[in-house]
1. Taking the condition of being out of contact with any His (no Cβ under 7 Å at 6 or more places or on another chain) and at positive phi, how many residues in region C:121-170 meet it?
2. Does region C:55-70 include one or more residues that are in a helix (DSSP H, G or I) and within 28 Å of C:Gly160 (Cβ to Cβ)?
3. How many of the residues making up region B:209-250 are under 19 Å from B:Phe16 (Cα atoms), assigned to a loop (DSSP other than H, G, I, E, B) and among the aromatic types (Phe, Trp, Tyr)?
4. Tell me the residue from C:Leu402, C:Leu417 that is away from every other protein chain (no Cβ under 11 Å) and at pLDDT 95 or above, please.
5. Could you check region B:166-205 and list, in sequence order, the residues that are hydrophobic (A, V, I, L, M, F, W, C) and open to solvent by 50 Å² or more (accessible area, probe 1.4 Å)?
6. I'd like to know if region B:100-107 contains one or more residues that are assigned to a helix (DSSP H, G or I), farther than 16 Å from B:Asn65 by Cβ and open to solvent by less than 60 Å² (accessible area, probe 1.4 Å).
7. Go through region A:300-351 and give me each residue that's free of Cβ contacts under 8 Å to residues at least 12 places away in the same chain and not in a helix (DSSP H, G or I).
Amino acid sequence: MSSDRNYEREFVRTFFTSPTAVSGENSAKMLQSAAQLRGMQAPDTWIPDNEDATAPSMRAEGVQNLVEVVSEHGADFPGEIHPRVVWHRDDPSTRYEGFKQMLEITDPENGAVEHIDGFVIPEVGDLDDWKKADEFITIIEHEHGLDEGSLSMSVIIESGEAELAMSDLRAEKGKPSNNLERLFLLVDGQVDYTKDMRAMTPTGELPAWAELRHNTSRGASAAGCIAVDGPYDDIRDVEGYRERMVENRAMGMTGIWALTPGQVVTANEAPLPPKTGSWLLELDDDEIELDAEDGRQVYDGDELSLEQVGDDSYVLRVDGEEQELDAEELHEELLDLTTYVPSMDDIVDSMEEFEAAKEAGKGAIAMTQATTLVIDGVEVDIAKDRMWDEATYQAAMTPVALFQDVYEHRPDQHDALEEMYGEGIVERAMAVGTDD
Amino acid sequence: MSSDRNYEREFVRTFFTSPTAVSGENSAKMLQSAAQLRGMQAPDTWIPDNEDATAPSMRAEGVQNLVEVVSEHGADFPGEIHPRVVWHRDDPSTRYEGFKQMLEITDPENGAVEHIDGFVIPEVGDLDDWKKADEFITIIEHEHGLDEGSLSMSVIIESGEAELAMSDLRAEKGKPSNNLERLFLLVDGQVDYTKDMRAMTPTGELPAWAELRHNTSRGASAAGCIAVDGPYDDIRDVEGYRERMVENRAMGMTGIWALTPGQVVTANEAPLPPKTGSWLLELDDDEIELDAEDGRQVYDGDELSLEQVGDDSYVLRVDGEEQELDAEELHEELLDLTTYVPSMDDIVDSMEEFEAAKEAGKGAIAMTQATTLVIDGVEVDIAKDRMWDEATYQAAMTPVALFQDVYEHRPDQHDALEEMYGEGIVERAMAVGTDD
Amino acid sequence: MSSDRNYEREFVRTFFTSPTAVSGENSAKMLQSAAQLRGMQAPDTWIPDNEDATAPSMRAEGVQNLVEVVSEHGADFPGEIHPRVVWHRDDPSTRYEGFKQMLEITDPENGAVEHIDGFVIPEVGDLDDWKKADEFITIIEHEHGLDEGSLSMSVIIESGEAELAMSDLRAEKGKPSNNLERLFLLVDGQVDYTKDMRAMTPTGELPAWAELRHNTSRGASAAGCIAVDGPYDDIRDVEGYRERMVENRAMGMTGIWALTPGQVVTANEAPLPPKTGSWLLELDDDEIELDAEDGRQVYDGDELSLEQVGDDSYVLRVDGEEQELDAEELHEELLDLTTYVPSMDDIVDSMEEFEAAKEAGKGAIAMTQATTLVIDGVEVDIAKDRMWDEATYQAAMTPVALFQDVYEHRPDQHDALEEMYGEGIVERAMAVGTDD
């Protein structure tokens, strides 16, 4: 019942461009090693880059390297391959150059085209500019005997006008004189966007651009595309990269640029629901994962303390503030302080339960998550209720749908997924929610 | 001088849907008790819900229950009644079902129609989809002998395309082939929106969706509608619900969904200016209300300390940092640390003062708010000045305009309001700003 | 290669309206003193205000004062002069009044027109409303024998519909029946916007309106205009004003309203890169500038402590947490905790280095920033690497481009700039990046 997607894949986790160009020193070797990645090491989409990272004088060589590596290794590469060519909304000769690069890469005589899924067009402007790239790809399809619309097109949003264009995409893409249904990924390119917006920060770090990411995600949702966040420069900062992805997923942006094979692994794994659930303590400005011991959740730190001082009387201290509470008040207070991160297993359980209720004619049911907290040796049983209706159920489906999408399109990751979750859960996760 | 509103009401505080469906166990009883709410317990708009909370097989029964309860209790219900019917941008049979539900509910033979103010249409998509619902309502008005445009239409924004549609609403609503001037509430539906955007959070909690709320508020402002925030799931968390409303009002979203009668009361009261003003101490990450004692504002905590160490010499300690200041510097420092939350009385005073100045040919005047702070026994007089010009005056009018709107349309709340403010203030608040 | 700007100036730092009107008590004197500001005291754009701050009955007198002062002092005023006249999207008589004010101000017989660069139109609505103002200015240009398009037009965004209009500006401004290429500044007017959005805060302070600022900046970027933030009311709060500008620049909003000559100086200086670079320690919620002593960066506080406990063993304590680290781990940890704010000199160095690399056929190079940290007497050498490619280079150009823009258009600020940076750096900064 949701908006039609342009392609079968609904989620793309990784948009992998090595920061090294497709031409220049060592580039052939690096291209080959990227093409031979497998499993969690291999991205959902690999973007051999013949734009920014390649000096202008080396781009002809770049196309040749790219064609050689893709024709040799493309058949075995488990993800999709979408080379990035040059393009610029303000420069016709750059656009013509991009056209020629695509024409050459897809020349049937070069043997690469059957492994090319589409192209990435950087620096697009208004929708009329997107249409120029679309038209070139249409011409290429006709010249090379490919089906019209068989090559996808992804764009990098790195100007104000491209951000605005995403609002009109849904209305334009059905028109008979274009093939914009080929649009696949909408990718934020924050470095050039920052330049285009004349934005500055004291340290030269990139602004957060939350509104851009929202608008990209919304544009993707409305036009059947997939939203992908830009490069995360500080490649040593794995924790920061993970946090950025948590933020992005909360905006509906499921993919992220990866600059290194290490970032690919992190970005492939991050959006999948965890194998085991966990309880969090949410303090003022801190989130602490509790230690699960024999089904009980133990807190060991000293930001919180609890003492039983009478039959029905407890003293709870949080952040230096003390309260005396009876058992019921304590229960309430601890409910407020805790939250649960469900496992894949939990999510599948809840969905199956709701599906059964719906068949029995119920519109809404309560789901309960219970555990025993242990704080300073004092044990407290808590139970969190949440009402589920059709909308809750549909929203909870998203991480499962992502899992199903990955499982279906990435057989090379089956082993890793089964090792991660166990076979039983994989099977149930693949079965749930599929009759809608 | 501001944009024309589609309806006389400019503010709606409460959008009340019980989480229980209009059909199923206990539903008739719950519907009746909702219909009999009065005063601060009764919402501005009541939305008997025949969509998500009702299982698909029970919706015919839902319409019957709804018609019975509204025809029996509707005449005495003090708020407006806007049933929610089924609808989906991607499903013609759901839309046709929604049409039939509305046709039945408004059938003059059923006796409910004279108490029905409009309908809530969920899951709308592009503006062309909104127009389909609008057209059905127009047909219904003609079939049942109602004036064209007499039924309002409110929509739930729960997809990217609906969010985008709000940008075009202002331009479309005047066109001769629609009656979109009937649009009343733009309501964010964050659960389904989250699903539609493919968004995920680790705990399953809803993302904050600040941009969506901004865009809804802006769309409402531009098209003469009223913006309403979605359901706040954690119905025990009154403080969180209040904080959400403070955030919303700062975005121009004056209404919020209420799931329980308790939330209705909270949401009815929250946007009204307080009876008494209060001084706040704004520390690094804390906001502390000072105790008013005999017109002096006393601080008792230990995050701040003050000592007079000489004739014109003070030591002020804030967050562990000590400064030695003379009387003037101390005054400056304390001005920076304090802020005033004006009462209804204060606001009315300021507006009357500015109105008088304007008549006397002055464009801008300074308003002063003075008090005596008492910190560790040391007394310091402070006075805050603020320049008022026409724009300040107009912006300060908003809470008063909200009060006037409530007072005019909710006679059943007069007692509560007079008890809250006293009769004199109510009278002056109703008189101010009305000759513009 | 970037979007065409409507005017030569790409950056405007200061939008100066005195809060005192152009008419009324002391106004002639205040106008004259504003017109005689020079150097860093003089704004990039001066907006003598005949709207909000002037009572309606005094506006004819306002025009006369304005004409007199501008004709006397305009030739020597170093910035641009853009009077604000009255206008309202919902009121034809206010619009007609605005037209008459502009007609009078530009009457060649009054001697002011040659010093008038354009007009500021407040309270605009839809783009069709902007076109009405544009048309009046076109008529005025013809009536008074000025070149079509020679007067610029700046607008104040203070309604939801004006915010929406900015999305369509790029597409509309090239059309043959308007002269919207005259658009210069898009200025947020948050007080009236707050009113129009029906927004409220408990204290009456203005909401942050981050989305509005983003949309204004994006609209300016897409349509060749310059984005300017609204007035900062608390004129004593210099630090807050600076912080607001840091936020704004990270959004691409380079200009800000100044209400006082003091704010003009602050706003003129703030966007320029610093004379000397500095190292920051980034703790949890704090950013601490380190003391540079003989090329070493010394930390003196107690939020961080470091002790060497063995040959290759250190104890680092941050925020109460202790870790034992070897030299390499310590280096990593300190890299994470520090960041560098480059000086103008550093930026110019990096750009020259990249330009040389590009000529030598390299697409990307690493830039290193090294220093010695001294914490509790322990010395640690650190080196931060950053990859630069064409996009990084272009983004780093923004502060230099701003400097070049200022230097070119404000000869009266040359002395201040040379004093600030030294002549050598000024010369190199003017030369860099100019062959693109």
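The values are calculated or read from the model by the stated rules, or taken from the named source; none is laboratory data. Everything quoted here is computed from the prediction, not taken from an experiment. In this analysis, Cβ positions are derived from the backbone assuming ideal geometry, glycine residues included, and neighbour counts consider all displayed protein chains. Just so you know, the surface numbers come from the protein's heavy atoms only, side chains and all, with ligands and any DNA or RNA stripped out. Shrake-Rupley method; radii C 1.70, N 1.55, O 1.52, S 1.80 Å.
1. Adding up the residues that qualify gives 2.
2. Quick first cut of region C:55-70, residues in a helix (DSSP H, G or I) only: C:56-70.
Adding the requirement that they be within 28 Å of C:Gly160 (Cβ to Cβ) leaves C:56, C:59.
Yes, the conditions are met somewhere in region C:55-70.
3. Matching residues across region B:209-250 total 1.
4. That would be C:Leu417, the only listed residue that is away from every other protein chain (no Cβ under 11 Å) and at pLDDT 95 or above.
5. Answer for region B:166-205, where residues must be hydrophobic (A, V, I, L, M, F, W, C) and open to solvent by 50 Å² or more (accessible area, probe 1.4 Å): just B:Ala171.
6. Yes, region B:100-107 contains a residue that is assigned to a helix (DSSP H, G or I), farther than 16 Å from B:Asn65 by Cβ and open to solvent by less than 60 Å² (accessible area, probe 1.4 Å).
7. Within region A:300-351, A:Asp300, A:Asp302, A:Gly310, A:Asp311, A:Val315, A:Gly320, A:Glu321, A:Glu322, A:Gln323 qualify.
Rundown of residues vs (1) at positive phi; (2) at pLDDT 95 or above; (3) within 23 Å of the chain's Cα centre (by Cα); (4) surrounded by fewer than 21 Cβ atoms within 10 Å (Cβ to Cβ), yes/no style:
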residue	(1), (2), (3), (4)
C:Glu10	no, no, yes, yes
C:Ser23	no, no, no, no
C:Ser27	no, no, no, no
C:Pro48	no, no, yes, no
C:Ala53	no, no, no, no
C:Asn65	no, no, no, no
C:Ala75	no, yes, no, yes
C:His82	no, yes, yes, no
